[in-house]
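Worksheet: one structure, shown below.
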Amino acid sequence: MSVELVRLPQDTGQVSTHVLQGSAKMVRFYQGRRHAHDFHQVTLLLSAPRSLSWSVNDVARSAKSLSKGEIVICPANVPTSVTATDPFDAISVRLTRSLVDHVSRQTGRTGFQLRPMVGTRDVFLETLAEKLAEDVGSECPVLSESLGTALAVHLLREYADFSAPTRSITELGQKDLDDVLRYIDTHLAEKLSLEQLAARTSLSPHHFLRKFRAATGLTPRQYVIQSRVVRAREMLQRGVGITETALAVGFSSQSHLHQHVRKLLGVTPGELARPLPPT
């Protein structure tokens, strides 16, 4: 049996959202026609007809088990067919191949194949599909683009098989992260530049900054300042002088120590240096 290829007008690299409402015309169009898409498609069933048969490659389900809220994932270039005797409502989200490929490269993992799914439950996908449908026709496509990217990330994380589990050169592994954190802790008194810290990994300064922030919630500079303030508090509470503490933890002056301690802890170095009242 021949397979008809259904194409998007153009693959712009952006998410294309299409809301389908079942009708007699649509049912006749899809009646048993074996076709494939040049895009990845996620369909959320909003209702289930009395008779519905949906197959994607070798995965098939019938209306007896399909129900509202279930999802069909049809990867690009994978044969699919739909047969229904009644209209049904659905949200169909179409993701261009270039968008998903781009997200795959950004995550450092390529050579993927999405798995066909018929009748799966996924609350995250359901929510994204509904939000995308609400945004159809919006004059500002920013929300759709962001949700489309989130959808692509989720598909790659949960429904993709990769040809080989490779470690990307843009990945900051736990071992490298631990090494950088130890280095910061033992060299607080020194000048710690982004380039210097990135050099301890295989990452460029740009990628190191992004991966470090993703792993710790802070930029390298913010982490260094926070570590210096924590060390300064310990020293001041042990009775070490303010000027000596400032230099020992890497602040260039007493005023810099005062600025960052006040900002992060809400007190001055002098208040930290005062002995605690007896209890």
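The values are calculated or read from the model by the stated rules, or taken from the named source; none is laboratory data. Bear in mind the structure is a predicted one, so any value in this text is a computation, not a measurement. Because the Cβ atoms are built from the backbone with ideal geometry, glycine has one as well, and the counts that use them run over all protein chains shown.
Looking across the range 208-254, the residues that are within 24 Å of residue 174 (Cα to Cα), part of a loop (DSSP other than H, G, I, E, B) and either in contact with a strand residue (DSSP E or B) (Cβ under 6 Å, 6 or more places away or on another chain) or not polar (S, T, N, Q) (or both) come down to 217, 218.
Exactly one residue out of 219, 201, 166 is crowded, with 18+ Cβ neighbours inside 10 Å, hydroxyl-bearing (Ser, Thr, Tyr) and either at pLDDT below 90 or under 30 Å from residue 109 (Cα atoms) (or both), and it is 201.
Remark: residue 232 falls outside the filter, which requires a residue to be assigned by TED's automatic domain parsing to the domain that holds residue 105, buried (at least 18 other Cβ atoms within 10 Å of the Cβ) and touching a Ser or Thr at 6+ places or on another chain (Cβ under 9 Å).
Of all residues in the range 82-120, those being in a strand (DSSP E or B), polar (S, T, N, Q) and more than 26 Å from residue 136 (Cβ to Cβ) number 2.
Exactly one residue among 188, 177, 172 is at pLDDT below 90, out of contact with any Leu (no Cβ under 6 Å at 6 or more places or on another chain) and outside any helix (DSSP H, G or I), and that residue is 172. For the subset of the range 180-198 comprising residues that are exposed (fewer than 13 other Cβ atoms within 10 Å of the Cβ) and closer than 20 Å to residue 231 by Cβ, which member is farthest from the chain's Cα centre (by Cα)? Across the range 180-198, the extreme among qualifying residues is 190.
Across the range 120-145, the qualifying residues are those that are at pLDDT below 85 and of a type in the set (Gly, Ala, Ser), and the one among them that is surrounded by the fewest Cβ atoms within 10 Å (Cβ to Cβ) is 137. The test for being among the acidic types (Asp, Glu), within 22 Å of residue 152 (Cα to Cα) and modelled with pLDDT of 70 or more holds for residue 38.
The single condition among (1) in a loop (DSSP other than H, G, I, E, B); (2) at pLDDT below 75; (3) farther than 30 Å from residue 214 by Cα; (4) among the β-branched types (Val, Ile, Thr) that residue 27 does not meet is (1).
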